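Chemist: Sending over a structure as structure tokens; questions will come in a sec.
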């Protein structure tokens, strides 16, 4: 059974000003992440504007990512669809394109009940060959994959991991108490990383790692080594920026952070629009203050 551990950034999809996909910039960002020490990459997550891309664009992103990754770390793709037939077709297609795993959303247009949610993931897990990370974000999608649901589908061997993004830190312990070590548990909220690591998560699906990969990898490794006093200092430096990962405009905020830290394009696709005015100034101040604080801390 596949086991994933470590920092898996949810990679932003780089765009040109005209909103077309910038494959070269996307590949460059993936290479930067890998050379900075991440353990895997996830393309086409929500942060990667999955739902705003066409099927052809998603295919091109996966192919470009496969080329950039070049076998160095696991390559996962987000899988976000309304209906099961489309989800299964994409899952099988993504496997042929070279994806090595899926971060699978529930149906993105229907708030399924627990029975329906379990069946969704059971059908997906038995219908494709790739290992699956369940994307559990009830705040955004209204569907909570509870420990009870996970226990119900524990016999589906392709379901190997859950990205825990309820925002309730108690859920981590509940998952381990209910399911044991059957599933890898990944922190899915940047500003709950240290707390989640203390409770035993084995990985982190991170947004702000796009901007500060080396620093985020260092933070995770300190936590996993039990060096929490040292980790806490770095965590406090990064947390103001991590808070940006929890906003509805996280795509714009994280892309702006990438632009500041290494010059990546910050363009987004409608209905999202680039930041302007007071909001841009406020977010930019958080990012620039983090850059300065990391430098003072000796990690930037």
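The values are calculated or read from the model by the stated rules, or taken from the named source; none is laboratory data. These numbers were taken from a predicted model, which means no experiment stands behind them. Ideal geometry is used to build each Cβ from the backbone, glycine not excepted, and the neighbour counts take in all protein chains shown.
Chemist: Does at least one position in segment 2-14 carry a residue that is under 21 Å from residue 161 (Cβ atoms), surrounded by fewer than 24 Cβ atoms within 10 Å (Cβ to Cβ) and at pLDDT below 95?
Modeler: The answer is yes; a qualifying residue exists.
Chemist: Condition first: in contact with a strand residue (DSSP E or B) (Cβ under 8 Å, 6 or more places away or on another chain) and either part of a loop (DSSP other than H, G, I, E, B) or within 18 Å of residue 261 (Cβ to Cβ) (or both). Now tell me which residues in segment 27-47 satisfy that. Before the answer, list the steps.
Modeler: First, pick out the residues of segment 27-47 that are in contact with a strand residue (DSSP E or B) (Cβ under 8 Å, 6 or more places away or on another chain): 30, 33-34, 37-47.
Within segment 27-47, 30, 33, 34, 37, 38, 39, 40, 41, 44, 45, 47 meet the criteria.
Chemist: Here's something else I'd like to know. In segment 58-80, which residue that is assigned to a loop (DSSP other than H, G, I, E, B) and in contact (Cβ under 8 Å) with a residue 12 or more places away in the chain is farthest from the chain's Cα centre (by Cα)? Before the answer, list the steps.
Modeler: Filtering segment 58-80 down to residues assigned to a loop (DSSP other than H, G, I, E, B) leaves 70-74, 80.
From the residues that got through so far, the ones that are in contact (Cβ under 8 Å) with a residue 12 or more places away in the chain too are 72-74, 80.
Details: 72: 18, 73: 15, 74: 13, 80: 13 Å.
Only one residue tops the list, namely 72.
Chemist: What number of residues within segment 176-191 satisfy the criterion of being in a helix (DSSP H, G or I) and crowded, with 23+ Cβ neighbours inside 10 Å?
Modeler: The initial filter retains those residues of segment 176-191 that are in a helix (DSSP H, G or I), namely 176-179, 190-191.
Narrowing further to those that are crowded, with 23+ Cβ neighbours inside 10 Å: 190.
Final tally of qualifying residues: 1.
Chemist: Determine if segment 87-110 includes at least one residue that is part of a loop (DSSP other than H, G, I, E, B) and over 26 Å from residue 21 (Cα atoms). Even if it seems obvious, please write down each step before you answer.
Modeler: The initial filter retains those residues of segment 87-110 that are part of a loop (DSSP other than H, G, I, E, B), namely 98-100, 105-110.
Still in the list and also over 26 Å from residue 21 (Cα atoms): 110.
Within segment 87-110, one or more residues are part of a loop (DSSP other than H, G, I, E, B) and over 26 Å from residue 21 (Cα atoms).
Chemist: Looking at segment 256-271 only, could you name the residues that are surrounded by fewer than 16 Cβ atoms within 10 Å (Cβ to Cβ) and under 21 Å from residue 52 (Cβ atoms)?
Modeler: Scanning segment 256-271 gives 270, 271.
Chemist: Also, I was wondering about something else. Output yes when any residue across segment 215-224 is over 21 Å from residue 37 (Cβ atoms) and surrounded by fewer than 24 Cβ atoms within 10 Å (Cβ to Cβ), and no when none is. Walk me through it before giving the result.
Modeler: Let us first name the residues in segment 215-224 that are over 21 Å from residue 37 (Cβ atoms), namely none.
Within segment 215-224 (the criterion being over 21 Å from residue 37 (Cβ atoms) and surrounded by fewer than 24 Cβ atoms within 10 Å (Cβ to Cβ)), the answer is no, since none of the residues qualifies.
Chemist: What residue, among those in segment 44-57 that are under 13 Å from the mean Cα position of the chain (by Cα) and in contact (Cβ under 8 Å) with a residue 40 or more places away in the chain, is nearest to residue 132 (Cα to Cα)?
Modeler: Here the residue is 45.
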